[in-house]
Amino acid sequence: MRVADTVCTMERFELIPTQQGALKRCIWGFHLVVEFWNSPFDEIAEAEKVKSALIYALTNNSLEDGNIRAISYQFKPFGVSAQVNDGKSHIYIHTWPENGYSAIDILAEDRGRAYEILSRLQVALKPEKVCVAEVPRGITNSDWGET
């Protein structure tokens with residue numbers, strides 16, 4: 001199965017106002033705000049199936065990490081809210097299967113890891129369209145001076 005291409009990307013949001021150059025930032029992690037469109041109804045309608053997809057995306061089916069925490073809520077008649085984390089990376093999802101839509105947050109320790117998780121999640125949930133907004137998370141300290 002081919003992984004869906006990203007159809008829109010807004011990378012590197014500059015959330016900090018700057019004057020005369022950019023302030024130095026200490027990046028702690030990356031947050032991908034993701035929308036999946038046109039996923040098959042059966043892939044995103046049931047909590048256990050969605051939770052399994054999130055665990056796969058986070059672990060790549062590796063059972064080495066026993067530190068996985070997962071919770072999910074099944075809406076009636078269908079729809080899911082779920083969260084999976086391993087202490088370093090987190091995935092949150094809310095699904096509207098009647099529309100084939102999922103709203104997803106992926107937080108990871110680095111940009112590469114965030115996109116690895118996204119790629120596996122695309123394989124699992126099979127969206128036709130994907131939209132990604134990337135937000136580096138961290139702090140800016142004016143005492144560090146300009147770059």
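The values are calculated or read from the model by the stated rules, or taken from the named source; none is laboratory data. Quick caveat, the model's predicted, so the values are computed rather than measured. Cβ coordinates were reconstructed from backbone atoms using ideal geometry, including for glycine residues, and neighbour counts include every protein chain displayed.
Conditions tested, residue by residue: (1) more than 22 Å from PRO40 (Cα to Cα); (2) of a type in the set (S, T, N, Q).
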| residue | (1), (2) |
| --- | --- |
| VAL50 | no, no |
| TYR73 | no, no |
| ILE93 | no, no |
| ASN99 | no, yes |
| SER102 | no, yes |
| ALA108 | yes, no |
| ARG111 | yes, no |
| ALA124 | no, no |
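Can you give me the number of residues within segment 30-67 that are outside any strand (DSSP E or B), in contact (Cβ under 8 Å) with a residue 40 or more places away in the chain, surrounded by 14 or more Cβ atoms within 10 Å (Cβ to Cβ) and not polar (S, T, N, Q)?
Number of matching residues: 9.
Quickly run through segment 87-99 and pick out the residues that are farther than 14 Å from LYS51 by Cβ and surrounded by fewer than 20 Cβ atoms within 10 Å (Cβ to Cβ).
Answer for segment 87-99, where residues must be farther than 14 Å from LYS51 by Cβ and surrounded by fewer than 20 Cβ atoms within 10 Å (Cβ to Cβ): GLY87, LYS88, TRP96, GLU98, ASN99.
Quick one: what pairs do we get from segment 68-92, first residue without any contact (Cβ under 8 Å) to a residue 60 or more places away in the chain and part of a strand (DSSP E or B), second of a type in the set (Val, Ile, Thr) and surrounded by fewer than 16 Cβ atoms within 10 Å (Cβ to Cβ), C-beta under 9 Å, 6+ apart or different chains?
SER81/ILE71; ALA82/ILE71; GLN83/ILE71; VAL84/ILE68; VAL84/ILE71; ASN85/ILE68
I need a count of the residues in segment 109-128 that are over 23 Å from GLU48 (Cα atoms) and either modelled with pLDDT of 95 or more or part of a helix (DSSP H, G or I) (or both).
Going through segment 109-128 one residue at a time, the tally reaches 4.
Could you check SER102 against (1) farther than 29 Å from ILE27 by Cα; (2) surrounded by 20 or more Cβ atoms within 10 Å (Cβ to Cβ) and say which number it fails?
The number of the failed condition is (1).
Which of the following residues is farther than 18 Å from TRP37 by Cβ, out of contact with any Asp or Glu (no Cβ under 6 Å at 6 or more places or on another chain) and among the β-branched types (Val, Ile, Thr): ILE117, ILE68, ILE106?
Exactly one of ILE117, ILE68, ILE106 is farther than 18 Å from TRP37 by Cβ, out of contact with any Asp or Glu (no Cβ under 6 Å at 6 or more places or on another chain) and among the β-branched types (Val, Ile, Thr), namely ILE117.
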